[in-house]
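The next block holds one structure in the form of C-alpha cells; read it before the comments.
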Amino acid sequence: MENLLRPLIVVGGSVVLTLLIGWATDLLLRKADERHHETPMWGLLRRGRIPYQLVLCAAMLRGSYDEAQLLQSRQAVIGRTLTLVLIGATAWLVIRIAAAIVETSYSRYARAHRDPARVRRVRTQVTLIMRVVSATVGVVAVATMLLTFPAFRAAGASLLASAGILGIVAGVAAQSTLSNMFAGLQIAFGDMVRIGDTVVVDGEWGTVEEITLTFLTVRTWDERRLTMPVSYFTSKPFENWSRGTPQMTGIVYWHVDHTAPTDAMREKLRDILRECPAWDGRAYGLDVTDTTPNTMQVRALVTAKDADDIWTVRVTVRERMIRWLTEEHPYALPRVNTADAFLPRGRGNGGPSRDGGGPSRDGSAPRRMQHEPPRTGPR
C-alpha cells in the first residue's frame, strides 16, 4: 500500500501544488493589470504562465522524485529528462519575461514621444534586441542541456582546446552570415533604416516591413515582398524618404505644343491644388523647362506632407490638367506634322529627286511614290 501511496502523494502533490501556485500568480497578475491600465507589463507577464507552471512542476518533481521510489531502475533517465524539461522551461520563461519588459518600455516611449521617426527607430532597435536576447538564451539553454550528459562534459575539454582553430574555420565558412549579423546591428543602432520607413531600393518603392539580424523585407506598393540581406543597406546607396521630415516635393511633367497657354496652366494648377485634400499648401509652381522642335516641356512642382500624399497629388494634377487641356485648349496638345515635304525649285537641275519628291518636268506638284499610301492627319 505504501508503494502505491508514496508515488501518488509525491507526483500528485507536485502537480496540484503547481496548479494552485500558477492560479494564484495568474490571479494576482490579472488584478494588477486591472488596476494599472497605463502599463501593459502585467498583461504581458500573464503570457508566461505556461512556462512558469512547467518550471514549478519540473522543479518539484526533480526535487522529490527520489522520495517517490518509482521506477528506480530508470531513475537516472527520468531525472535527466526532468532536468532537461526544467532547463527548457526556464529559458522559455526568461524569454517571455524579457519580452514583457522590452514591450512595456517601448509602449511608454511611444506614448511619451510624438515623433514618428524616433518611435520607428526605437521599434527597430527593440525588435533586434529581442532577437539577440532570444538567440542568446536559446544557445545557453542548449549548451546547458548538453552539459548534463557525461559524454559531452568529457568532450568539453577537447572542444575548448581546439576552440581557436574552430573559431577561425567557422569565421571563414560563415563570413557572409557574420557580416549580415554585424550589418543588422549597425542598422539597428546606426539609425540608417527603420521599420515603417519608405525606401526606394533598386528602383522599387516600398515600406520596410521587417528587419532581422540577417535580412530585411520591403513591402512594395503592389503588395510584393523584396527580401534582401541587411549588408546591402550598408554597402550600397538607397533612398530613404522617411529620413528627416516626411514632407516631400513632387514633380509632374507635360509635353505640350509651343502654343500652350502657360499662364492659364498656372492658374489651373492653383485651382486643382486647392481642391486636392492631399496638398499641404506649402508651395507650388509651373515653368517651361525644355523645348524640342515639336513640343515644349512644362514642369509643375507640388508639395505634400508625406510620400503617400505626394503620389496622390501628382496623379491628380497630371490627370486633371490633361483633361482641362483636352476640353478647353485642344490645340495645346502635342501634334505631329504630316504635310508633304517639297524640295526647292531648281534642285537637281529641275529634275525629280531619287525619292520622287522633286518637281516634275512640267513644273507641277511632285507626285507620291506608288507604294506610299496617302497620309492623313491634323494639320
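Has segment 281-301 got at least one residue that is assigned to a helix (DSSP H, G or I), touching a residue at least 24 places away in the same chain (Cβ under 8 Å) and either closer than 29 Å to residue 207 by Cβ or not assigned by TED's automatic domain parsing to the domain that holds residue 208 (or both)? Checked against the condition, which is being assigned to a helix (DSSP H, G or I), touching a residue at least 24 places away in the same chain (Cβ under 8 Å) and either closer than 29 Å to residue 207 by Cβ or not assigned by TED's automatic domain parsing to the domain that holds residue 208 (or both), segment 281-301 yields no hits at all.
Checking the condition surrounded by fewer than 16 Cβ atoms within 10 Å (Cβ to Cβ), modelled with pLDDT of 80 or more and under 32 Å from the mean Cα position of the chain (by Cα), which residue from 95, 101 passes? Step through it out loud before you land on a result.
Working: 95 fails: surrounded by fewer than 16 Cβ atoms within 10 Å (Cβ to Cβ).
Selected residue: 101, the only one of 95, 101 that is surrounded by fewer than 16 Cβ atoms within 10 Å (Cβ to Cβ), modelled with pLDDT of 80 or more and under 32 Å from the mean Cα position of the chain (by Cα).
Among all positions in segment 60-73, there is no residue which is buried (at least 16 other Cβ atoms within 10 Å of the Cβ), modelled with pLDDT of 80 or more, out of contact with any Phe, Trp or Tyr (no Cβ under 7 Å at 6 or more places or on another chain) and within 30 Å of residue 31 (Cα to Cα).
For segment 205-237, filtering for residues that are modelled with pLDDT of 85 or more and touching a Lys or Arg at 6+ places or on another chain (Cβ under 9 Å) leaves 9. Taken together, the residues in segment 242-275 that are touching a strand residue (DSSP E or B) at 6+ places or on another chain (Cβ under 9 Å), surrounded by fewer than 17 Cβ atoms within 10 Å (Cβ to Cβ) and not in a helix (DSSP H, G or I) amount to 7. Taken as a whole, the condition of being under 37 Å from the mean Cα position of the chain (by Cα), under 23 Å from residue 138 (Cα atoms) and at pLDDT below 80 applies to residue 46. Checked against the criteria, residue 305 counts as in contact (Cβ under 8 Å) with a residue 12 or more places away in the chain and either surrounded by 14 or more Cβ atoms within 10 Å (Cβ to Cβ) or within 21 Å of the chain's Cα centre (by Cα) (or both).
Of the residues making up segment 104-122, those that are of a type outside the set (A, V, I, L, M, F, W, C) and either outside any helix (DSSP H, G or I) or surrounded by fewer than 17 Cβ atoms within 10 Å (Cβ to Cβ) (or both) are 105, 107, 108, 109, 111, 113, 114, 115, 116, 118.
Determine whether residue 344 is farther than 30 Å from residue 207 by Cα, outside the structural domain of residue 205 (by TED's automatic domain parsing) and at pLDDT below 90. Taking the combined requirement at face value, the residue satisfies it.
The values are calculated or read from the model by the stated rules, or taken from the named source; none is laboratory data. Note that the structure is a prediction, hence the values are computed from the model and not measured. Every residue, glycine as well, gets a Cβ built from its backbone with ideal geometry; the counts of neighbours run over all protein chains shown.
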